[in-house]
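So that we are looking at the same thing, I have put the structure below in structure tokens.
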Amino acid sequence: MKKLFTEIPYIQGERVTLKQITGKDKEALHELVSTSEVYKHEPTFLFEKRYEDIDYVIERLYDEGFKESIILGVFVKDEFCGIAEMYGFRDHIHKISIGYRLLKRYWGMGIATEVVKLLVDFLYNETDIEIITASTLPDNAASARVLEKCGFDLVVKDSDEDWGYESPLPTYKWIR
């Protein structure tokens with residue numbers, strides 16, 4: 001069994017690869033973090049949005065950022081199309097949360113579903129993780145469908161959570 005946060009995972013699926021983000025992904029990552037539609041259903045404090053300089057973000061992803069989350073690039077045929085994240089690691093209860101963000105042009109193509117399936121398979125089969133959670137905002141029906149397709153159960157509705165906005169947001173909590 002692999003321990004999380006000891007190495008950067010490389011996860012290969014049928015058409016999607018989850019792997020380390022590098023400097024060659026700079027332009028696409030910049031496009032992702034600059035697209036407000038991508039982040040309208042996301043917390044304001046995500047690592048890739050923490051700094052203005054994308055080069056600095058990439059430099060820090062696997063040292064400073066690796067202490068609190070594992071952020072991997074989502075690639076289809078070696079083309080960057082988004083981010084997959086494992087965060088909120090609780091080693092003592094073998095729990096982690098997952099999330100993803102895709103460039104808008106990749107929405108509706110089944111990529112998010114494959115990303116979640118790859119993360120779940122990796123976490124359950126290659127690590128000692130026993131509990132995987134995810135959060136969505138109530139109006140993010142597309143992500144709710146992805147989680148349902150991947151075997152997640154909605155366990156809490158409208159739980160107020162701090163996502164970095166003026167006030168807490170009602171959030172849906174999912175578990176698998």
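Looking only at segment 115-156, which residues are open to solvent by 60 Å² or more (accessible area, probe 1.4 Å), touching a residue at least 60 places away in the same chain (Cβ under 8 Å) and of a type in the set (Ser, Thr, Tyr)?
Once the filter is applied, which keeps residues that are open to solvent by 60 Å² or more (accessible area, probe 1.4 Å), touching a residue at least 60 places away in the same chain (Cβ under 8 Å) and of a type in the set (Ser, Thr, Tyr), segment 115-156 yields nothing.
Here's another thing I want to ask about it. Within segment 104-114, identify whether any single residue is touching a residue at least 12 places away in the same chain (Cβ under 8 Å), more than 20 Å from LYS40 (Cα to Cα), assigned to a helix (DSSP H, G or I) and under 13 Å from the mean Cα position of the chain (by Cα), and answer yes or no.
Yes: segment 104-114 contains one or more residues that are touching a residue at least 12 places away in the same chain (Cβ under 8 Å), more than 20 Å from LYS40 (Cα to Cα), assigned to a helix (DSSP H, G or I) and under 13 Å from the mean Cα position of the chain (by Cα).
Moving on. Select from segment 13-45 the residues that are part of a loop (DSSP other than H, G, I, E, B), of a type outside the set (Asp, Glu) and more than 14 Å from LEU72 (Cβ to Cβ) and list them in ascending order.
Let us first name the residues in segment 13-45 that are part of a loop (DSSP other than H, G, I, E, B), namely 13-15, 20-22, 34-35, 40-45.
Retained after the next criterion (residues that are of a type outside the set (Asp, Glu)): 13, 15, 20-22, 34-35, 40-41, 43-45.
Those that are part of a loop (DSSP other than H, G, I, E, B), of a type outside the set (Asp, Glu) and more than 14 Å from LEU72 (Cβ to Cβ): ARG15, SER34, THR35, LYS40, HIS41, PRO43, THR44, PHE45.
Shifting gears a bit: Of everything in segment 18-32 that's open to solvent by less than 20 Å² (accessible area, probe 1.4 Å) and free of Cβ contacts under 8 Å to residues at least 60 places away in the same chain, which residue is farthest from PRO170 (Cα to Cα)?
Selected residue: ASP25.
Taking segment 124-176 as the search range and keeping residues that are assigned to a helix (DSSP H, G or I) and of a type in the set (S, T, N, Q), which one is farthest from the chain's Cα centre (by Cα)? Don't jump to the end; show me each part of the working.
Our first condition is that a residue be assigned to a helix (DSSP H, G or I); within segment 124-176, this holds for 124-126, 141-149.
Filter once more, keeping what is of a type in the set (S, T, N, Q): 125, 143.
Values: ASN125: 18, SER143: 11 Å.
Only one residue fits best here, namely ASN125.
Just name the residue that is surrounded by the fewest Cβ atoms within 10 Å (Cβ to Cβ) out of those in segment 1-12 that are in contact (Cβ under 8 Å) with a residue 60 or more places away in the chain and part of a loop (DSSP other than H, G, I, E, B).
Out of the qualifying residues, it is MET1.
Return yes or no: is ILE70 of a type in the set (A, V, I, L, M), under 24 Å from PHE122 (Cα atoms) and either open to solvent by less than 40 Å² (accessible area, probe 1.4 Å) or without any contact (Cβ under 8 Å) to a residue 40 or more places away in the chain (or both)? Lay out the reasoning, then the answer.
Working: of a type in the set (A, V, I, L, M): yes; under 24 Å from PHE122 (Cα atoms): yes; either open to solvent by less than 40 Å² (accessible area, probe 1.4 Å) or without any contact (Cβ under 8 Å) to a residue 40 or more places away in the chain (or both): yes.
For ILE70, the condition - of a type in the set (A, V, I, L, M), under 24 Å from PHE122 (Cα atoms) and either open to solvent by less than 40 Å² (accessible area, probe 1.4 Å) or without any contact (Cβ under 8 Å) to a residue 40 or more places away in the chain (or both) - is met.
For LEU103, indicate whether it is open to solvent by less than 50 Å² (accessible area, probe 1.4 Å) and out of contact with any helix residue (DSSP H, G or I) (no Cβ under 7 Å at 6 or more places or on another chain).
Details: open to solvent by less than 50 Å² (accessible area, probe 1.4 Å): yes; out of contact with any helix residue (DSSP H, G or I) (no Cβ under 7 Å at 6 or more places or on another chain): no.
In short, no.
The values are calculated or read from the model by the stated rules, or taken from the named source; none is laboratory data. For clarity, every value in this text was computed on a predicted model and none was experimentally measured. Here Cβ is always computed from backbone atoms with ideal geometry, including for glycine, and neighbour counts include all displayed protein chains. What goes into the accessible areas is simple: the full protein's heavy atoms, side chains included, and nothing from ligands, DNA or RNA. Shrake-Rupley method; radii C 1.70, N 1.55, O 1.52, S 1.80 Å.
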